[in-house]
1. So, R0 is 25 Å and r is the distance between the beta-carbons of M57 and V104; what FRET efficiency does that work out to, to 0.05?
2. In which sequence would H119, H140 go, from the one with the fewest C-beta neighbours within 10 Å to the one with the most?
3. Considering the options A66, V109, V38, tell which one lies farthest towards the positive end of the dipole of the stretch 33-110, charges being +1 on Lys and Arg and -1 on Asp and Glu at the Cβ, about the Cα centre.
4. In whole Hz, with x marking every Gly and Pro, tabulate ³J(HN,Hα) for the stretch 67-79 from phi via Karplus 6.51 cos²θ - 1.76 cosθ + 1.60, θ = phi - 60°.
Amino acid sequence: MSPWLQAKVLRVGGHGRCHPKGVNIQLPTYDASFNYIVLKPLASVSDSDETPEVVSMLVNTDQLAALVQLANFEREGYESVTMPRATGCQSAYLLPYLETKREVPRAVVGMTDPYSRRHVQDGMLSFSMPWEMFQEMERHAAEGILAKLRPSAN
């Protein structure tokens, strides 16, 4: 895996950027009340004193298809997932974080810009969502499309 994706801490303050110099992608911004975003495996999150804001994962196209179906399970409409033009880190954290402010948050498909594509395996994209949406999807996983796709025990 690329060292870029193995980073445990991403600095959000200062003059850092998530895209190569000269690339200007106009996306919403927000004033962070913190200096760092901690990135770590979900299994390492302490239930007692930590609540993630965003869950991000790298998925292949089959996994993406299943997650898009699951994201729309028992929701009205069909717009529970968005795939905006954005840099890799904008789609993995910034946009899903901003989705936490929406009445009905959406998941964000990312890692579509040419700069970030070179840091992931071919055929992989990111799928990121607010924590509450992740929990909703997890509750529906047993009865949704993923349950029907599980291999049989035979």
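All of the numbers you see were taken from the coordinates with simple rules; none came from a lab. Keep in mind it's a predicted model, so treat the numbers as computed, not measured. Positions of Cβ are backbone-derived with ideal geometry, glycine not excepted, and every protein chain shown enters the neighbour counts.
1. Details: r = 21 Å, r/R0 = 0.84.
Calculated transfer efficiency: 0.75.
2. Values: H119 14, H140 18.
Neighbour counts put them in this order, fewest first: H119, H140.
3. V109
4. 5, 5, 4, 5, 4, 9, 5, 6, 10, 6, x, 9, 10
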